[in-house]
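I have placed the structure first, in the form of structure tokens, so that the comments after it can refer back to it.
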Amino acid sequence: MSKITDPWDHHDWDSKKYVADWAARQDEREAERRDVFELIARTLPYEQDVAINILDLGAGYGALSQFLLDRFPNASVVCQEGSEEMVKLGRERMARLNGRVKFVLCDFSKSGWCRKLNGPFEGVVSSIAIHNVRSHDTIREIYGETYSLVKPGGCFVNFDRMTPSLKQQKKWLAEAGFENVQCFRDWGRRALVGGFRR
């Protein structure tokens, strides 16, 4: 979850207690999340044994990253995150994956955040993070900067709340330069959308 400065935001990502409580609630949804994570893994256009580098946007404490690193045993992941407390928790939880995971603290709601990441990446993923910026213009800018981080032949897949609409999200992905933009699954309020870079 990238750090938010929106006064209407109800999250307190700077609070160690809030982050710990939030993570504990996510742990209770582990089975439900695994189905989504499995779909994300299947969407990445790579064999399981390929040595790919993945970027996880708004990675939180790294639940999706851990799943992908287990699924792709030769992969490495960069976790972009805007909350220092979330990064600390992620480093604790992913200590066993030392050498395969790196955290980069930067706020994807601020223009130019992509320059702090050493891309490009074979795959860029995100799960329930980008909607937190609230601003439609900012979401569109995030998609544009994300495109610059994807290697040719790679993809970006985003599981998130469709705010604004799924149709609008797909339009912004196409405007950013992604090809074969599609919805891989629609759950109503949430969907898995993405596109590929030729």
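For Glu84, the test of being over 19 Å from Ile40 (Cβ atoms), surrounded by fewer than 21 Cβ atoms within 10 Å (Cβ to Cβ) and within 17 Å of the chain's Cα centre (by Cα) is passed.
Number of residues in region 111-159 that are crowded, with 20+ Cβ neighbours inside 10 Å, among the β-branched types (Val, Ile, Thr) and more than 19 Å from Phe72 (Cα to Cα) equals 5. From the list Gly153, Gly123, the one residue that fits, being part of a strand (DSSP E or B) and out of contact with any helix residue (DSSP H, G or I) (no Cβ under 9 Å at 6 or more places or on another chain), is Gly153. When Thr163 is tested against the conditions (1) hydroxyl-bearing (Ser, Thr, Tyr); (2) modelled with pLDDT under 95; (3) part of a strand (DSSP E or B), the lone failure is (3). Filtering region 42-86 to residues that are at pLDDT 95 or above, assigned to a loop (DSSP other than H, G, I, E, B) and touching a Leu at 6+ places or on another chain (Cβ under 7 Å) leaves only Ala75. For region 166-196, the set of residues classified as surrounded by 15 or more Cβ atoms within 10 Å (Cβ to Cβ), small (Gly, Ala, Ser) and either out of contact with any strand residue (DSSP E or B) (no Cβ under 9 Å at 6 or more places or on another chain) or in a loop (DSSP other than H, G, I, E, B) (or both) consists of Gly177 only.
The values are calculated or read from the model by the stated rules, or taken from the named source; none is laboratory data. Here the structure is a predicted model, which is why all the values come from computation and not from measurement. Using ideal geometry, Cβ is built from the backbone for each residue, glycine included, and neighbour counts are taken over all protein chains shown.
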